[in-house]
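Undergrad: First the structure, which I've put down as structure tokens, then a few questions once you've had a look.
What follows draws every value from the coordinates through simple rules; no lab data is involved. Here the structure is a predicted model, which is why all the values come from computation and not from measurement. Backbone-built Cβ (ideal geometry, glycine too); neighbour counts: all protein chains shown.
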Amino acid sequence: MAKILVTGGAGYCGSVLVPKLLNEGHEVTVYDTFWFGRDSLKINKNLNLVTGDIRDINLLSRTIEGNEVFINLACISNDASFELNESLSTSINLDAFEPMVLAAKKLKIKRFIYASSSSVYGVSDEPEVTENHPLVPLTLYNKYKGMCEPILLRYIDADFTGVVFRPATVCGYSPRQRLDVSVNILTNLAINKLEMTVFGGNQRRPNIHIKDYADIVELLVTAPSNKIQGQIFNVGNQNLTIDKISETVKNIVESKFPEKGPIKICHTSSSDNRSYHINSDKLFTTLGFRANRTIEDAISEMCDAFTSGLLPNSLLDSKYFNVKLLKEKRII
């Protein structure tokens with residue numbers, strides 16, 4: 001069992017990952033600004049919460065000491081955030097990264113796991129985009145994610161394992177729910193407005209269920225170093241167009257809530273042209289892992305969460321929408 005530091009561990013993905021790591025017997029320290037609160041993480045004797053910003057390298061260094069694995073999830077995670085405050089996003093998503101890696105290495109972290117993004121591919125007509133595909137970022141978020149990857153890999157050595165994973169768009173229920181990513185957006189609208197607005201529709205997007213995301217990160221914690229050292233892994237499952245996703249949401253919501261009647265789908269133009277179809281076979285051939293949860297699973301689980309009252313005021317409450325909450329708190 002390992003002592004693990006997770007930056008951004010109270011976020012959408014961290015709030016599913018951290019309980020999984022604890023259940024596996026690891027000791028976990030979450031280092032987070034907690035801009036979105038800390039209620040998503042339940043009290044656990046093996047869980048330590050530290051309020052901090054990754055740009056505060058002194059506090060981060062003190063927190064790193066005694067840990068063996070560093071999982072970096074912390075970032076400004078919406079492209080739209082860059083339009084609101086580019087300097088903030090640059091300082092967090094790029095400028096803070098190399099000092100963080102250097103501190104981790106100096107303080108004897110054995111393994112550094114970096115959450116990049118499959119959005120680094122931008123637009124591609126290739127039927128199967130593998131990890132060797134050129135990076136064609138369309139936004140600063142995509143660009144910075146790609147720029148940080150070689151920074152980590154520059155510092156790896158026999159005592160410092162570094163691995164990068166590029167997750168597809170994450171979907172599904174989390175105790176720190178986001179309703180500003182594609183599958184989740186459409187499910188929320190279908191259930192609560194009975195109408196979905198699809199921006200564009202032909203864009204191809206890869207998706208990954210949030211529980212599969214947590215599974216692969218936990219695997220990267222425990223995998224033999226020689227199998228992951230210096231490696232980059234695509235992490236995705238279904239590659240679907242936005243139109244297909246909306247049709248899937250419509251079918252499931254109509255079957256789960258027949259009393260609501262038919263769900264309407266409207267189309268409008270989109271300035272977001274990201275479109276690509278990732279191949280995650282390397283993950284299977286190297287580590288034997290293949291995502292097995294589907295978009296349909298994510299939609300159904302979110303329907304159940306709405307039915308159980310776990311997502312109240314989901315159209316208006318800013319806690320579900322990264323940019324909206326950060327604006328309200330005058331962070332961006």
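Undergrad: With 25 Å as the cut-off, how large is the P(r) tail for the chain, expressed as percent of Cα-Cα pairs? Each step should come with its number before you reach the end.
TA: Working: 27329 of 54946 pairs.
Everything past 25 Å amounts to 50 percent.
Undergrad: How much length, in nm to one decimal, is gained on full extension between ILE57 and SER270, taken as 0.36 nm per residue of separation minus their Cα-Cα distance? List each step's numbers first, then the result.
TA: Values: separation 213, 0.36 × 213 = 76.68 nm, distance 3.89 nm.
Contour length minus the Cα-Cα distance gives 72.8 nm.
Undergrad: Quick check: the angle from helix 140-154's long axis to the longest principal axis of the chain, C-alpha only, nearest 10 degrees?
TA: Orientation of helix 140-154: about 30 degrees from the principal axis.
Undergrad: Could you give the nm distance between label points at TYR155 and LYS3, where each point is 7 Å from its Cα heading toward the beta carbon?
TA: With each label point 7 Å from Cα toward Cβ, the separation is 1.9 nm.
Undergrad: If you fit an axis through the alpha-carbon atoms of helix 295-307 and take the longest principal axis of the Cα set of the chain, what angle between them do you get, 0 to 90°, nearest 10?
TA: Around 80 degrees separate the two axes.
Undergrad: Just from the alpha-carbon atoms, what are the Rg and Dmax of region 17-167 in angstroms?
TA: Expressed in Å, the Cα Rg and Dmax of region 17-167 come to 16.1, 49.
Undergrad: Measure nothing but the geometry: give the 0 to 90° angle between the long axis through the Cα atoms of 97-106 and the longest principal axis through the Cα atoms of the chain, rounded to 10°.
TA: 40
Undergrad: Another question, then. Where does each of LEU179, LEU153, LEU194 land when they are ranked from fewest to most other beta-carbon atoms within 10 angstrom? Write down the numbers at each step before the final one.
TA: Numbers: LEU179 21, LEU153 18, LEU194 15.
By the 10 Å Cβ count, ascending, the order reads LEU194, LEU153, LEU179.
Undergrad: With the chain treated as a Gaussian network of Cα nodes joined by springs under 10 Å, which of THR268, THR222, THR286 yields the largest mean-square fluctuation?
TA: Evaluated over the chain, the most mobile residue of the options is THR268.
Undergrad: Counting DSSP beta bridges with both partners in the chain, what percentage is antiparallel, nearest 5?
TA: Working: 4 of 41 bridges.
Counting DSSP beta bridges with both partners in the chain, the antiparallel share is about 10 percent.
Undergrad: What distance in nm separates the two pseudo spin-label positions at GLU328 and ARG38, each 7 Å out from Cα along the beta-carbon direction?
TA: Roughly 2.0 nm, to one decimal.
Undergrad: How many lysine pairs does region 190-332 hold where the Cα atoms are under 24 Å apart and the two sit 8 or more places apart or on different chains?
TA: Counting lysine pairs in region 190-332 gives 22.
Undergrad: Rounded if a/c is under 1.5, else prolate if a/b beats b/c, else oblate: with a ≥ b ≥ c from the C-alpha gyration tensor eigenvalues square-rooted, which is region 142-262? Show your work: numbers first, answer last.
TA: Details: a/c = 3.27, a/b = 2.41, b/c = 1.36.
Prolate is the answer for region 142-262, as a/c is 1.5 or above and a/b outweighs b/c.
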